[in-house]
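Notes for the one structure printed next.
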Amino acid sequence: MKFVSSKTIIKSLINENVEFIFGYPGGAVLHIYDEIFKSGIKHILVRHEQAAIHMADGYSRSSNKIGIVIVTSGPGYTNCITGIATAVIDFSSIIILCGQVNKNLIAQNSFQELNNLSISLPIVKQFYSLNCYYNIPYLIKESFINTSNYINGPIIINFPKDLTNFENIVRYKYPIVFKKKKKILNNFFFNINNYKRPIIIIGGGFFKNKKKKKIENFILNTKIPIVCTIMGIGRINYRKFNYLGWIGMHGDAISNITLNFADLIICLGSRLDDRITNKPELFSPYAKILHFDINDNSISKTIFCDFFFKKINSIENINFKLNKKWWKTILYYKKKFIYNYKNSWKNCIPQQIIEIIFYLSRGKYFISTDVGQHQMFAAKYYFYNYKRFLTSGGLGTMGFGLPSSIGIKFANKNNNVLLITGEGSFQMMMQELSTCKQYNINIKILNLNNQSLGMVKQWQELNYSKRYSNSYINSIPNFKKLINSYSFFSFNFYNIKLFYYFFINIVKKDLFCFINIYININENVLPIQITNKSVSDFISFISKKKI
């Protein structure tokens, strides 16, 4: 069967069961857009190309599907760079179809022509540039295999406009691409009983392992203390007695203390970045590190790992004798360092707000966050199931929340989606309210409004003697009027009791609702690690230490 080359692109996507494409049209991709119009694929028109990447990111992370994006050449593609960098650090499966000028105009400073390869090479998993329209089916098939094979990540396909026009006829045959065989490491034998204070770290890559059930059995049967990274939140059942919480700069006190005094760290799918380790020279000084990760680049990146394995074979056969003294110490510190913030039924306390939402929703919401104090409150006080917590954990992209929430809703139509954001982050991508209106996207938005850039202000308070340089926002819009201009519901709250009774009534309803809560501007995220110290040196609710 013969198709024009632009139709071959769409036909290839249909054969991969693509339901949605997120994008923004432009001259270099109009041939493809014309075929989208004729096809059954639903195109979601964003208001900014960066939002298209975040939507595809949220769509992919909250499902087992691959997010597809289409943008035009030049500024259309460069607007995607922040989103692509977000996706590559958090290992999201995205394919970006990028337009390009005609082949004979490339490298001539043509209108809307840039060297996309040079711009994006450090932040993509793979970059393909189409040089012959006969290769279209193969490139798309290869991209779908590569973006979901072993290490996920964004893939770019660069389409010169003249190779997608109606004059190019392709004899379409769905290509067969064989996966390359990977060498499997032999079973390892590790005498875990030589160590008395082990701990397991669960990272974001934990559930990407095909042997996750065996790993879960090993974790639960050995009764070894478990902690997770912020990207690993929800990867293990929070109700398990040996789950302590998450680690890192704003992680739980008991988790960081246990990590610091461990003599064996079993790391599953985490790259142990600087937000986990604090000062590398002081990180877990008594511990040997046993690291499992399919990504070679994640090994010994910040911290030297004593043992490294790509594959986990027969891990469920490892036996470990429970060390009662180790657990007695952990339980002592767990009782000492509890979340003892002061509840109030008058003022709006962000920790209490998140706990109310968890209680009323019974943990069934998909939660997306932006980046800042609200992100940490959401991670600490709401308990998650697998793939229910989406955040920009690696790059820390403000503006990620709203478009990713839209993507989550497209992938999970019958589920409630809640965006937890702050006024600084929300204003970065608030133009996507228009996308919500066009496609009737019903998400709930909780804006924890402290009238400042909360995380920046907290750092300035602790590290810069309360010199608040440009951390206060003096021109915040009237969110109620803004949201109402899109014909959406919007509510302001200054009292947590009123919010509680309001949320009871909407918790199960599928509607768009913007909830603007004015919280205490002096409320900080605690505990917080002290800069350039060990992971167990932190300021907590009961600590009197100062930096």
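For this structure, a couple of remarks:
- The stretch between residue 442 and residue 464, if pulled fully straight at 0.36 nm per residue, gains 3.8 nm over its current Cα-Cα span.
- Dimensionless Rg over Rh [segment 192-336; C-alpha; Kirkwood]: 0.92
- In range of the label at residue 413: residues from segment 25-65 whose backbone nitrogen is under 14 Å from the point 7 Å along Cα→Cβ: 41-43
- Counting every other Cβ atom within 10 Å of each residue's Cβ, 437, 321 order from fewest to most as 321, 437.
- Segment 29-166 shape via C-alpha gyration tensor axes, a/c threshold 1.5: rounded
- Amide H contacts under 5 Å for residue 267: 201, 290, 291, 292, restricted to partners 5 or more places along the chain or on a different chain, H placed in the peptide plane at 1.01 Å from N.
- Rounded to the nearest 20 debye, dipole of segment 192-336 from Cβ charges on Lys, Arg, Asp, Glu: 660 debye
- Ranked for footprinting exposure by Cβ neighbours inside 10 Å, fewest first, 236, 506 give 506, 236.
- Taking each of 325/533; 240/334; 301/335; 342/380; 42/413; 65/125 in turn, the alpha-carbon distance tops 23 angstrom for 325/533; 301/335.
- Computed over segment 382-463, the convex hull of the alpha-carbon atoms projects to a mean area of 6.5 nm².
- Semi-axis lengths (Å, descending) of the ellipsoid that matches the C-alpha gyration tensor of the chain: 40, 31, 20
- With Cα atoms, 0 to 90° folded angle of helix 49-61 axis to the chain main axis: 60 degrees
- Calculated over segment 350-525, the projected area of the Cα convex hull averaged across directions stands at 9.7 nm².
- Centroid-to-centroid separation of segment 24-79 and segment 110-145 [C-alpha atoms, Å]: 15 Å
- Spin-label pair residue 238-residue 494: with each label point 7 Å from Cα along the Cα-Cβ axis, the two points sit 3.1 nm from one another.
- Of the residues 308, 514, 111, 479, the one with the fewest other Cβ atoms within 10 Å heads the list, and the complete ranking is 111, 308, 479, 514.
- Taking every Cα-Cα distance in segment 475-547 and sorting them into 5 Å bins from zero, the calculated P(r) comes out as 3, 12, 16, 14, 12, 9, 10, 11, 9, 3, 0 percent.
FYI, it's all coordinate maths here, none of it is from the lab. A quick note: this is a predicted structure, and the numbers were derived from the prediction, not measured. As a convention, Cβ positions derive from the backbone with ideal geometry for all residues, glycine included, and neighbour counts pool all protein chains shown.
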